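First up is the structure itself, then whatever we jot down about it.
No value in this document is a laboratory result; all are computed from the given coordinates. None of the values given here were measured: they were computed from a predicted structure. Cβ placement follows ideal geometry from the backbone for every residue including glycine, while neighbour counts extend to all protein chains displayed.
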Amino acid sequence: MSLAEREINQRSVEETDRRHNIHPFTDLAVMETAERTVIESAKGNYVYSDDGRKFLDGLGGMWCVNIGHGRDEMADAIAEQIRRLDYYSPFDDLTSAPMAALAEALTARAPGSLNRVLFTTGGSTAADSAIRLIHHYFIRLGEPARQHIITRDKAYHGSTYLTASLSDRGYSTDWRPESGFIHHLSAPSLYRRPAGTTEAEFTDILAAEFEAKILELGPENVACFIAEPIQGSGGVIVPPANYHPRMLEICRKYGLLYVADEVVTAFGRLGHFFASEDYFGIVPDIITCAKGLTSGYIPAGAVIMSDEIYEVLSRPGAYFNTGFTYTGHAVACAAALKNIEIIERERICERVQEIGPYFEERLAPLSELPLVGDVRGRLFMMCIEYVADKERKELFADEVRIGKRIWRHCQKRGLLVRPLAHLNVLSPPLTLERGEIDFIADVLHDAILDTADELTRDGIK
Ligand code: PMP
């Protein structure tokens, strides 16, 4: 028994965790006394807790376990890489075979002239690095005033200081020094669009808002627009059909760069390696990715940029002062290469195109149930929004914790989903079977009805 295991065994994992661990995006006061579910193992589409419970992983870990859990091939690839080369710095002229091979694999699958890669440690560091390198780019281009960044409500780009500020304003209420150069547009939410507008009219409104913001700031001061193809953590907000092409057109008109944050949408979740071109018909200037890059087996992220940006960054006399100790970590790159091999060998993108519509179809009828305002999403990226009043689309008070209540009922029935305020999000492994889709739909159905009864019992509704 290792020292760590011996220490843990002296107390329960739960008690040790309660004493020392700070959990992300969690109410710390509640966590002082809250019970823990100790996830002990995972295989395929399931995770298991140390008290013997089995859960279908409706969230793919955290939008990331695209190829499913516990693959021996992944363990072998990671172990082999550690035996050959655990880690060495990629700074200056040092490199490694996995880092070179992964950059080639990514650029071969990325759209347009996106042929240069800067590896990072995850999604936040990818978005953060993308913004830094855009600032480098415009300075070198002789347009140093281009510093302003346009983002959107309901966005999630990460949890560094900068990327929290790029995210929905709710993520950075306690600190906003960057707010001087970060600007938010409306989320392209069809469910909450102005009453009476068609999808096309709504797209016009959003495009006009973007153009007006650029003109207000002065186009010569604006660097880029950053957007998730489908907003994930903000509630799986699928934009109107022509939204991304319109936003790109406006970027081109005023010389802004377009950054597509594909941290969730890449590596098969929407049936393609990257969703920007193949799903939404646009070629951005930069794609950031993470999560499905290694299917979460080990942390990694990447910024993939166009040749045109790279040409400016690599002009003589400039020094590229951005990077991390673990940029291009050999073990992470080996894991990503094996993950990509599995996605292609098992035709996972094609599988998502084939089975994903069944997931949409099985969840859609939930919208008939009480509490459900909207069921939305595409393929293996879905969400249910709960409302107190369906007609008026009014939300429950925060204290009701509606998403968490339904999540609890799901968990009791062996399904893990993500509770977010008034939402439940689903982003399962892409290896999900039809029978498991039925299970998810049935569990959610029963959990929603039980929660409706519970709200009545508690005198809430
Ligand atoms: N961008 C998007 C779209 C994300 O969903 C996330 C994580 N949920 C991030 C960035 C941040 O990634 P990470 O947590 O790996 O830093």
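Values computed for the structure shown
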item: Contour excess over end-to-end distance, with Cα ends at Ala79 and Thr95 and 0.36 nm allotted per residue; result: 3.8 nm
item: Cut-off under 5 Å, modelled amide H: who pairs with Leu430 long-range; result: Ile67, Gly68
item: Neighbour-count order for Ile342, Ile131, fewest beta carbons within 10 angstrom listed first; result: Ile342, Ile131
item: Separation of the Arg434 and Val38 label points, Cα + 7 Å toward Cβ, nm; result: 4.0 nm
item: Student exercise, segment 175-258 dipole from Lys, Arg, Asp, Glu Cβ charges, in Debye to nearest 20; result: 120 debye
item: Theoretical gain in end-to-end length, Leu369 to Glu350 [0.36 nm per residue, Cα-Cα removed]; result: 3.7 nm
item: Amide H contacts under 5 Å for Phe274, placed H, 5+ residues apart; result: Phe267
item: Intensity falloff of segment 74-345 expressed as log10 I(q)/I(0), Debye formula with alpha-carbon point scatterers, at q = 0.17 Å⁻¹; result: -1.38
item: Under 5 Å, built H, 5+ apart or other chain: amide partners of Asp261; result: Ala227, Glu228, Thr288
item: Residue exposure sequence - Ile78, Ile150, Ile230 - by fewest surrounding Cβ within 10 Å; result: Ile78, Ile150, Ile230
item: Between segment 322-376 and segment 232-275, the Cα center-to-center distance that results, in Å; result: 16 Å
item: Residues Leu190, Leu270, Leu337, sorted so that the one with the fewest Cβ neighbours within 10 Å comes first; result: Leu190, Leu337, Leu270
item: Centre separation in Å (Cα based) which lies between segment 86-103 and segment 382-428; result: 43 Å
item: Net charge of neighbours whose Cβ lies under 11 Å from the Cβ of Val443, counting Lys and Arg as +1 and Asp and Glu as -1; result: -3
item: Globularity index of segment 233-351, i.e. its alpha-carbon radius of gyration over 2.2 N^0.38 Å; result: 1.19
item: Shape call, the chain: gyration tensor on alpha carbons, a/c limit 1.5; result: oblate
item: About the Cα centre, charge dipole magnitude for the chain (Lys/Arg +1, Asp/Glu -1 at Cβ), debye; result: 260 debye
